[in-house]
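Undergrad: Below is a structure I'd like to ask you about.
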Amino acid sequence: MASSPTRRLILLRHAKSAWPDDIPDHERPLAPRGRRDGPRAGNWLRKTDHVPDFVLCSTARRTCETWQLAEETLGAHPHTRYEDQVYEASVVVLLDLVRQTPANVLTLLIVGHDPAMRGLTLDLAGDPLDDAEAQALARVRVKYPTAAIAVLSFSREWSELGPDQARLAEFVVPDDYHAGHSSRR
């Protein structure tokens, strides 16, 4: 039986949001820092060759704005599905959405929220293979800040993905990609 191609799951937490009075959580816009970090996230994805084939984006205003800003600097316009289930999703719900990804998609990007983004990263990442991966996992355990990006890789079908079956190939926060750094130097 032929092995499955390497697939990548990219988890982008929305950029920094504002907290205006009398606006429901779902409608919170990006703060000025979020408006700066959104395009930088897209630029980092492009420069590191992590351009997605398919995007699942929460319907919350801050995630939609993050993705729109990131896409402007990405240099590509992948098929995007705005998904209500990503907003306030649990790890189980996100993993179920990942498992429904079409087989022809090699790189899936989810633009979502914490704590599910952090939880899914930790759930899928297997034991670290080297010091860089161990450091990246340690950083995720401490915090998954706004506009952080985790890149997980694996050689299974989407429908077969489960706990401890991926490698944490990258974990970057805005300070890293502003400076052009990566967790895998």
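The values are calculated or read from the model by the stated rules, or taken from the named source; none is laboratory data. Bear in mind the structure is a predicted one, so any value in this text is a computation, not a measurement. With ideal geometry, Cβ positions are generated from the backbone for all residues, glycine too; neighbour counts draw on all protein chains shown. We work out accessible area using only protein heavy atoms, side chains counted, and drop any ligands, DNA or RNA first. Shrake-Rupley method; radii C 1.70, N 1.55, O 1.52, S 1.80 Å.
Undergrad: Divide by every residue of the chain the summed helix terms, -39500 (n - 2.57) for each DSSP H run of at least 4, and state the resulting mean residue ellipticity at 222 nm, rounded to the nearest 500 deg cm²/dmol.
TA: After summing the helix terms and dividing by the residues of the chain, the value is -10500 deg cm²/dmol.
Undergrad: Can I ask one more? Any chance you could check the Cα centroid distance between the stretch 131-165 and the stretch 72-89 for me, in angstrom?
TA: 19 Å
Undergrad: Let me ask you something else. Could you look at the chain and say what percent of its accessible area is carbon and sulfur, using a 1.4 Å probe and all protein chains?
TA: After summing per-atom areas, the C and S share lands at 49 percent.
Undergrad: Top to bottom by accessible area (1.4 Å), largest first, where do Tyr87, Tyr144 land?
TA: Output order, biggest surface exposure first: Tyr87, Tyr144.
Undergrad: Which of Gly126, Gly38, Gly112 moves the most in a Gaussian network model of the chain with Cα springs under 10 Å?
TA: Gly126
Undergrad: Next question. Place a +1 charge on the Cβ of each Lys and Arg in the stretch 71-185 and a -1 charge on the Cβ of each Asp and Glu, then give the dipole magnitude about the Cα centre in debye, rounded to the nearest 20.
TA: About 160 debye.
Undergrad: Express in nm, to one decimal, how much length is gained between Leu106 and Asp175 on full extension, taking 0.36 nm for each residue of separation and deducting their alpha carbon distance.
TA: Fully extending the segment from Leu106 to Asp175 adds 22.1 nm.
Undergrad: Okay, moving on. Given the Cα-Cα distance of Ala18 and Glu88 and 0.36 nm per residue of separation, how much length would full extension add, in nm?
TA: Contour length minus the Cα-Cα distance gives 23.4 nm.
Undergrad: Rounded, prolate or oblate: pick one for the stretch 61-185, where a ≥ b ≥ c are the square roots of the eigenvalues of its C-alpha gyration tensor, a/c under 1.5 means rounded, and failing that, prolate if a/b is larger than b/c, else oblate.
TA: rounded
Undergrad: If you don't mind, there's one more thing I want to ask. Show log10 I(q)/I(0) for the stretch 82-146 at q = 0.14, 0.28 Å⁻¹, two decimals, from a solvent-free Debye sum over equal Cα scatterers.
TA: Each listed q maps to, in turn, -0.47, -1.23.
Undergrad: How much length, in nm to one decimal, is gained on full extension between Arg81 and Ala134, taken as 0.36 nm per residue of separation minus their Cα-Cα distance?
TA: Additional length available on full extension: 15.8 nm.
Undergrad: What longest region of the chain stays clear of GluC sites (Glu not before Pro) that DSSP places outside H, G, I, E and B and that have at most 14 other Cβ atoms within 10 Å?
TA: Within the chain, the longest run free of exposed GluC sites (Glu not before Pro) spans 1-87.
Undergrad: Ignoring ligands, DNA and RNA, what accessible area per residue does the chain give at 1.4 Å, in Å²? Can you show the working numbers first?
TA: Details: 8740 Å² over 185 residues.
In whole numbers, the chain has 47 Å² accessible per residue.
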